[in-house]
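Everything below concerns the one structure shown next.
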Amino acid sequence: MTEEPVKEILRTPTSPTPGTTEKSPKREVVVTTVPVVSEIQLMAATGGAELSCYRCIIPFAVVILITGIVVTAVAYSFNSHGSIISILGLILLSSGLFLLASSALCWKLRQRNKKGKRRESQTALMANRRSLFA
């Protein structure tokens, strides 16, 4: 009995449009349908990690930042100001810093949302407790 709602939730929703139509070399029409994925299916596939991209960004940001530092240091050690390698180093350096800053910002926003949800939950719990003893 309990498996029926789970199967209903996890099945692929039907798409309202059939998809794209392509012509093959043999003058046949091939219809490609694109499946629609629901949020529940995404959570089941990723294990609930779809909201933790800031944790995934940090290692890439650190690698890009270190690469940018090294490339910039090599470029400026050869006194090649304004060359392609120095510009590439500065781009890598700035993108690494940008990724680290965006990861920190996402982490702060997530912490703020968690704190707000915790407050709401505790307020509801205290209101329920007062009604029980009144």
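Confirm whether Ser94 is of a type in the set (S, T, N, Q) and loosely packed, with under 11 Cβ neighbours inside 10 Å. When the stated conditions are applied, Ser94 does not pass them. Among the residues making up the stretch 74-103, those that are aliphatic (A, V, I, L, M) and without any contact (Cβ under 8 Å) to a residue 12 or more places away in the chain are Ile84, Ile87, Ala101.
Of the helices (runs of 4 or more DSSP H) lying entirely inside the stretch 1-102, those carrying at least 3 residues that are farther than 28 Å from Asn113 by Cβ and at pLDDT below 90 are 3-10.
The values are calculated or read from the model by the stated rules, or taken from the named source; none is laboratory data. On a predicted model such as this, the values are computed, not experimentally measured, just so you know. Backbone-built Cβ (ideal geometry, glycine too); neighbour counts: all protein chains shown.
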